[in-house]
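Here's the structure we're looking at; comments come further down.
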């Protein structure tokens, strides 16, 4: 198949997504294979050494291939005045599909990870209820559970793209800029089940969720949301929730800013009004240009991100590439992702693996023919509510740059003629 | 909760350990939570709301809090709350200043209750929950005093704390019901 047969659908080399399927995919292979075959024309394939002697046997808990396991979360340096505080970011540009392995799920801790003995951990429900209750971990394991795939995103994710103080993150990677988003299958008890057992007083308008970490981190959740799809999660991708994710249990508020999914959950108190915790007043609030500040901006915005090619990668030769990335919305599922290779002048629809990934990551892909010129790669998501991801400038025009949190504008990766990819504000 | 519910829970637990299905009829009301009273939770429930609900007995002034602050807080927040590095500035700022406003307890926080609530649950960062309730009142008063919000003789207790008007009390919009 020749290049002419690939249908160009938008400027600067974007190819119809149908070429990712069937015949089209073979077409992509040709461009790459041509040079490879020419280089190794005399090659003979032989049986490799590992096929000639038995390897180690089964083990109790598996690890990664030593060839595949180089990538890590990116954690900041420990700070003695902020013991246990800080974050680690998922290596998005090295991951595929939509599920984040448990050891690579992003973290944000306010006072480190508590070492909780589940047999001594308690979950209390009190406040405006008929009967305050206390549950043990053992008790909770006996409740009917649901398993759902949900993303979690810190509301500070992508904050570098606000460009506060003139910083424009030229060395940024998908991980360093956007790595505070991850996605897992969470298994737990619908919170409404437990609240119903305590008996919700009709005056209760909010719940306050508190963790058992040293910061006793607290957040308020509106009652209607608490009774909707919120769960007390006990399992993450099939195994008990990892300590860094809240072992033995965390609140999981689907689609909403990560901080509200309180880890190490130990108390739910029903109240008339929000408790106005420090992390819903001082932090995680967005100051507008008029100097009023939005609080309780809970669902995360409609968002997408090209993870490959992305910042600090290099394209080594001209030819066909599979642009791919992730998209998500706190208000539903991603129905459409468009990709541009010319800085947003023209757009083409990417192939979405799943159009019904509700409050979960969706993977998108589109073929792209790089002919050695400069390009600006962008992606734009539309969700099931019709929300369209704004440009960076559009978002800033709407909400200003004093907000610090909830950035969900379009990411621009520039590719120069040497094939070097870097973050730009376009 | 009745002892019948407890029994159902136990039966279910045994069933679960031998089979992988959950009997649906019993799933409607597992009822394994143990009743507890609010007085039993007095030391456990640290939530101090903006209406003063949950503030404990005790009181303190900034005059008393100075000593606590200098001993327990200044190492990270500096002697007058001006901060050392990172997120540790506790004083100053003006929401209407040019450029990016410095957002602190004084310039940004809408409720004084949050100061008490946060210090009691999370500070000092190396030994959270090591202060007595009285010390928390004292040092809360001191942080408010450093911000010029109260004078050093003002007695903070469960009633007076919730009545304090913070400079930015009208500065927030509840966005929780936005679509």
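The values are calculated or read from the model by the stated rules, or taken from the named source; none is laboratory data. Please read all numbers here as calculations on a predicted model, not as lab measurements. For neighbour counting, all protein chains shown are included, and Cβ atoms are generated from backbone atoms with ideal geometry for every residue, glycine included.
Which of the residues belonging to the range B:67-95 are farther than 17 Å from residue B:145 by Cβ and part of a helix (DSSP H, G or I)?
Listed by number, the residues that qualify are B:75, B:76.
Of all residues in the range A:290-303, how many are touching a helix residue (DSSP H, G or I) at 6+ places or on another chain (Cβ under 8 Å) and more than 8 Å from chain B (Cβ to nearest Cβ)?
0
List the pairs whose first member sits in the range A:391-419 and is at positive phi, whose second member is in a helix (DSSP H, G or I) and modelled with pLDDT under 95, and whose Cβ atoms are under 9 Å apart, counting only residues at least 6 apart or on separate chains?
From the range A:391-419, the pairs are A:404/A:164.
Just one of (1) more than 8 Å from chain B (Cβ to nearest Cβ); (2) at pLDDT 95 or above trips up residue A:166, so point out which.
(2)
Is it fair to say residue A:277 is touching a residue at least 60 places away in the same chain (Cβ under 8 Å), on the phi > 0 side of the Ramachandran plot and within 13 Å of chain B (Cβ to nearest Cβ)?
Details: touching a residue at least 60 places away in the same chain (Cβ under 8 Å): yes; on the phi > 0 side of the Ramachandran plot: no; within 13 Å of chain B (Cβ to nearest Cβ): yes.
No, not satisfied.
To keep it simple, each residue is scored yes or no on (1) closer than 25 Å to residue A:192 by Cβ; (2) surrounded by 17 or more Cβ atoms within 10 Å (Cβ to Cβ); (3) within 13 Å of chain B (Cβ to nearest Cβ).
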residue	(1), (2), (3)
A:105	no, yes, no
A:109	no, yes, yes
A:114	no, yes, yes
A:121	yes, yes, yes
A:126	yes, yes, yes
A:145	yes, yes, yes
A:150	yes, yes, no
A:153	yes, yes, no
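Please find, within the range B:83-97, the residue that is surrounded by the fewest Cβ atoms within 10 Å (Cβ to Cβ) out of those that are more than 22 Å from the chain's Cα centre (by Cα) and at pLDDT 95 or above.
Checked the range B:83-97; the qualifying residue surrounded by the fewest Cβ atoms within 10 Å (Cβ to Cβ) is B:96.
Restricting to the range A:344-357, give me the number of residues that are surrounded by 18 or more Cβ atoms within 10 Å (Cβ to Cβ) and in contact (Cβ under 8 Å) with a residue 60 or more places away in the chain.
Adding up the residues that qualify gives 5.
For the subset of the range A:170-182 comprising residues that are buried (at least 18 other Cβ atoms within 10 Å of the Cβ) and part of a loop (DSSP other than H, G, I, E, B), which member is farthest from the other protein chains (Cβ to nearest Cβ)?
Looking at the filtered set, the residue picked out is A:173.
Does the range B:54-62 contain any residue that is in a helix (DSSP H, G or I) and either within 12 Å of chain A (Cβ to nearest Cβ) or surrounded by 15 or more Cβ atoms within 10 Å (Cβ to Cβ) (or both)? Before the answer, list the steps.
Looking only at the range B:54-62, we keep the residues that are in a helix (DSSP H, G or I), and these are B:62.
If we keep only those that are either within 12 Å of chain A (Cβ to nearest Cβ) or surrounded by 15 or more Cβ atoms within 10 Å (Cβ to Cβ) (or both) too, we end up with B:62.
There is at least one residue in the range B:54-62 that is in a helix (DSSP H, G or I) and either within 12 Å of chain A (Cβ to nearest Cβ) or surrounded by 15 or more Cβ atoms within 10 Å (Cβ to Cβ) (or both).
Taking residue B:115 as the residue in question, decide whether it is modelled with pLDDT of 95 or more, in contact with a strand residue (DSSP E or B) (Cβ under 8 Å, 6 or more places away or on another chain) and more than 8 Å from chain A (Cβ to nearest Cβ).
No: the conditions fail for residue B:115.
For residues that are touching a helix residue (DSSP H, G or I) at 6+ places or on another chain (Cβ under 7 Å) and part of a strand (DSSP E or B), scanning just the range A:136-156, find the one that is farthest from residue A:402 (Cα to Cα).
Only one residue tops the list, namely A:152.
Among the residues of the range B:166-174, is any buried (at least 18 other Cβ atoms within 10 Å of the Cβ), touching a helix residue (DSSP H, G or I) at 6+ places or on another chain (Cβ under 9 Å) and part of a loop (DSSP other than H, G, I, E, B)?
Checked against the condition, which is being buried (at least 18 other Cβ atoms within 10 Å of the Cβ), touching a helix residue (DSSP H, G or I) at 6+ places or on another chain (Cβ under 9 Å) and part of a loop (DSSP other than H, G, I, E, B), the range B:166-174 yields at least one hit.
Table: residues versus (1) buried (at least 24 other Cβ atoms within 10 Å of the Cβ); (2) away from chain B (no Cβ under 14 Å); (3) without any contact (Cβ under 8 Å) to a residue 40 or more places away in the chain.
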| position | (1), (2), (3) |
| --- | --- |
| A:184 | yes, yes, no |
| A:192 | no, no, yes |
| A:219 | yes, no, no |
| A:222 | no, no, no |
| A:243 | no, yes, no |
| A:268 | yes, no, no |
| A:273 | no, no, no |
